[in-house]
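**Q** Handing you this structure, nothing more for now.
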Amino acid sequence: NGGYGEIKREMLARGDQPLGVDLPSPDFAALGRSLGCHGVTNPTDLRATLEEAFAADRPTVVHVDEVRLST
């Protein structure tokens, strides 16, 4: 979710300036590739991507950005 949302809400409720709670997400597909897996980010055709992943000769990391799916 890109950070510590619950902790951020508690800080805001106390009137504190949120600090250290908004974290960037790693590139999970690149992380998978660095470990010898296939890696795909934000596929345009999820069905084809999943079929390719199941047919692959090694694990596949598929990272789907839910923000992009909802728009």
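Read the figures in this text as sums done on the coordinates, not as results from a lab. Small disclaimer: the values here were computed from a predicted structure and weren't measured. Cβ: placed from backbone, ideal geometry, glycine included. Neighbour counts: every protein chain shown.
**Q** Once you keep just the Cα pairs under 8 angstrom separated by 6 or more residues, what percentage relative contact order results for the chain? Each step should come with its number before you reach the end.
**A** Values: 70 pairs, mean separation 18.5, N = 71.
Relative contact order comes out at 26 percent.
**Q** Go ahead and run the numbers for FRET between D16 and C37, Cβ-Cβ distance against an R0 of 30 Å, rounding to 0.05.
**A** 0.15
**Q** Using only Cα atoms, tell me the angle between helix 5-14 and the longest principal axis of the chain; keep it within 0 to 90° and round to the nearest 10.
**A** The answer is roughly 10 degrees.
**Q** For the chain, just the Cα set please: Rg and Dmax, both in angstrom.
**A** 16.8, 52
**Q** Testing the spin-label approximation: label points 7 Å from Cα along Cα→Cβ at A55 and L23. State their distance in nm.
**A** Once both label points are built, they end up 3.7 nm from each other.
**Q** I need the phi-derived Karplus couplings for the stretch 47-56: 6.51 cos²θ - 1.76 cosθ + 1.60, θ = phi - 60°, integer Hz, Gly and Pro marked x.
**A** 4, 5, 5, 5, 4, 5, 5, 5, 8, 5
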